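Enquirer: Got a structure here, written out as structure tokens. Questions coming.
The values are calculated or read from the model by the stated rules, or taken from the named source; none is laboratory data. Keep in mind that this is a model prediction, so the values were computed, not measured. Every residue, glycine as well, gets a Cβ built from its backbone with ideal geometry; the counts of neighbours run over all protein chains shown.
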Amino acid sequence: MGEYALLAGQLFNGVSVASILLLAALGLALSFGLMRVINMAHGEMLMVGGYLSFLTYRFAPARLGFVLALIVAFVGAAAFGALLELVLIRRLYGRPLDTLLATWGVSLALQQAARSIFGAIGVEVTAPKWLSGSFTVKSGAMAGFNLPYVRLFIIALAVAVLSGTWLLIQRTRLGLYVRAVHQDREMAQALGVNTGWVDLAVFALGTGVAGLAGSVLAFIAPVTPTVGQSYIVYAFLVVILGGLGNLLGTLLAAAVVGLFSAGAQIFTSVSFADVLLLMFVIAFIQFRPSGIFAARGRALEEA
Amino acid sequence: MLTLEQVGAGYGLSRVLNDVSLRVGPGELVTMLGRNGAGKTTLLRTIVGLHPVAAGKVTFAGNDVTGMMPHARARSGIGYVPQGRGIFPHLTVRENLRLGLAARFGRGEGRGAKLPDYIFDLFPVLARLSERKGGLLSGGEQQQLAIARALASKPTLLLLDEPTEGIQPSIVQDIQAALKRIRCELNVAMLLVEQYLDFAWSIADRFYVIQRGSIAAAGDTRECSADSVAHLMSV
């Protein structure tokens, strides 16, 4: 394998990791931006999505299984999120620390539930045939450069989800309400916006997208009870780096985190790459405490 | 139309409103006067539902709304122009106005809900600014937008919290002229918190004076002279 191929391979890896991080972090960024709620159980929505896909494949192994699994993972995780919001988070509104603890408890309970139902060892999902191949450069300077279709699909899915979310926020009535609640919750209420419903919709959407991420993750790694834990830390880093509730910031931050760890892995071990990443993020927020795109303007400082 | 019976409200343990009773009839214009800190803004926020009622009862359009959420009150016909204007700074003028339709969508008017034409007739400046971000408007423009946005919901009661505060004199005249037209042409009841006594007197049917959270005086603007309450407002 040539030097360029290694570099290009890591670059591609970085982009595909960034795509998963984007899917995992999108919901966190949205719900924190809107509701100031830190959902520690967000990682478990990936896990829920993963196991739901696994179950779908077991019962519907036909060609449709693949699309069906994505839908089931999204809807199932969204329903789970909606339930969590209605039963728990709504009751603790305005008490961020209690929300943190309570959702952490939910996270532990979900992990243990998964352990009891599916066992501690991960379950495997086989990608459909047309996704399991890869594109390989055979000769030239890039010889050995390998593009697995699964990872290409993940990137495409992330792009689709991000564009869909952007359109939803910018072009629909719900999106207008979301932006209004984000800027001035009380005024939005006084104009007749049911903010409780907006919160619920955004939270469910965010957990649903995390479920999607879990569903595609199942193609590249086994689904384990702790699969959420391994991604949630990075997702939080993305949210911190990107600025809260900012789609473009979240996109860029996911790219930075994904490429940074993939890039660092060329020179050093995986764990030391994590150390470097953490140091980078700490250094970064020293200079830009509100993330890449800090909301500017007098109006927001007052809010 | 709107009735408050012995309403009390406060922040934590300190009471801001005590035993406030008042009434605004259909199409009536009532002005609320009082010094800074007397509780005028808290009173309006309590009517809108942004501030919890600790005692008493609020009735609107025949329904007890005391424990009702703000969005439900807005849908039942209460329009609110807050102090500080409450413009969404990162939304355009058009988007701010569209949010005025939220109450009507919530009421079930569906896709037929459109901005009424009289909004741009009353405030022509808004048509020109429709793609400008709310945060970039001048204070006067923001105030006109806030009133227009409240009118977009076709309210039967409009609550206005010092609509001329901190605005340059020429625009104050525009706003006062617009309020007079709204009163004559749209048949909306209004509760107006105002600092210009002369203007309040020229437009209102009745007045209340609030002092330390309680109603200190009330009456008909045609029967009492403005001078008779001036001493209650001077600092």
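Enquirer: Output the residues belonging to region B:26-59 that are of a type in the set (A, V, I, L, M, F, W, C) and away from chain A (no Cβ under 14 Å).
Expert: Just the residues of region B:26-59 that are of a type in the set (A, V, I, L, M, F, W, C), to begin with: B:29-30, B:32-33, B:38, B:43-44, B:47-48, B:50, B:53-55, B:58.
Selection gives B:Leu29, B:Val30, B:Met32, B:Leu33, B:Ala38, B:Leu43, B:Val53, B:Ala54, B:Ala55, B:Val58.
Enquirer: Given the criteria of a type outside the set (S, T, N, Q), at positive phi, more than 18 Å from the chain's Cα centre (by Cα) and crowded, with 17+ Cβ neighbours inside 10 Å, does B:Gly56 qualify? Spell out the reasoning first.
Expert: Numbers: of a type outside the set (S, T, N, Q): yes; at positive phi: yes; more than 18 Å from the chain's Cα centre (by Cα): yes; crowded, with 17+ Cβ neighbours inside 10 Å: yes.
In short, yes.
Enquirer: To continue, here is another question. Residue by residue through region B:201-235, note down the ones that are more than 20 Å from B:Ala9 (Cβ to Cβ) and crowded, with 21+ Cβ neighbours inside 10 Å.
Expert: We begin by selecting, within region B:201-235, every residue more than 20 Å from B:Ala9 (Cβ to Cβ); these are B:201-207, B:217, B:219-235.
Of everything in region B:201-235, those that are more than 20 Å from B:Ala9 (Cβ to Cβ) and crowded, with 21+ Cβ neighbours inside 10 Å turn out to be B:Ala204, B:Phe207, B:Val229.
Enquirer: Determine which member of the set B:Val20, B:Val30 is in contact with a helix residue (DSSP H, G or I) (Cβ under 9 Å, 6 or more places away or on another chain) and either modelled with pLDDT of 95 or more or on the phi > 0 side of the Ramachandran plot (or both). Can you show your working first?
Expert: Numbers: B:Val30 fails: in contact with a helix residue (DSSP H, G or I) (Cβ under 9 Å, 6 or more places away or on another chain).
Of B:Val20, B:Val30, the one residue that is in contact with a helix residue (DSSP H, G or I) (Cβ under 9 Å, 6 or more places away or on another chain) and either modelled with pLDDT of 95 or more or on the phi > 0 side of the Ramachandran plot (or both) is B:Val20.
Enquirer: I need the helices (runs of 4 or more DSSP H) fully contained in region A:146-238, keeping only those with at least 2 residues that are crowded, with 22+ Cβ neighbours inside 10 Å, β-branched (Val, Ile, Thr) and more than 14 Å from every other protein chain (Cβ to nearest Cβ). It would help to see each step written out before you state the result.
Expert: Values: elements: A:149-171, A:173-183, A:185-190, A:195-220.
The qualifying helices (runs of 4 or more DSSP H) are A:195-220.
Enquirer: A follow-up question, please. I want to confirm something. Restricting to region A:237-254 and keeping residues that are within 16 Å of A:Ile282 (Cα to Cα) and not hydrophobic (A, V, I, L, M, F, W, C), which single residue is nearest to the chain's Cα centre (by Cα)?
Expert: Taking the candidates together, the pick is A:Gly242.
Enquirer: Please go through region B:118-160 and pick out each residue that is touching a Ser or Thr at 6+ places or on another chain (Cβ under 9 Å) and buried (at least 24 other Cβ atoms within 10 Å of the Cβ).
Expert: B:Gly134, B:Gln143 - these are the residues of region B:118-160 that are touching a Ser or Thr at 6+ places or on another chain (Cβ under 9 Å) and buried (at least 24 other Cβ atoms within 10 Å of the Cβ).
Enquirer: Pick from region B:72-93 the residues that are farther than 12 Å from A:Asp184 by Cα and of a type in the set (Lys, Arg): which of them is nearest to the other protein chains (Cβ to nearest Cβ)?
Expert: Filtering region B:72-93 for residues that are farther than 12 Å from A:Asp184 by Cα and of a type in the set (Lys, Arg), the one nearest to the other protein chains (Cβ to nearest Cβ) comes out as B:Arg75.
Enquirer: Across region B:174-209, what is the total count of residues that are in a strand (DSSP E or B) and under 17 Å from B:Ile78 (Cβ atoms)?
Expert: Pass one, region B:174-209, residues in a strand (DSSP E or B): B:189-193, B:206-209.
Those still in the list that are under 17 Å from B:Ile78 (Cβ atoms) too: B:189-193.
Count: 5.
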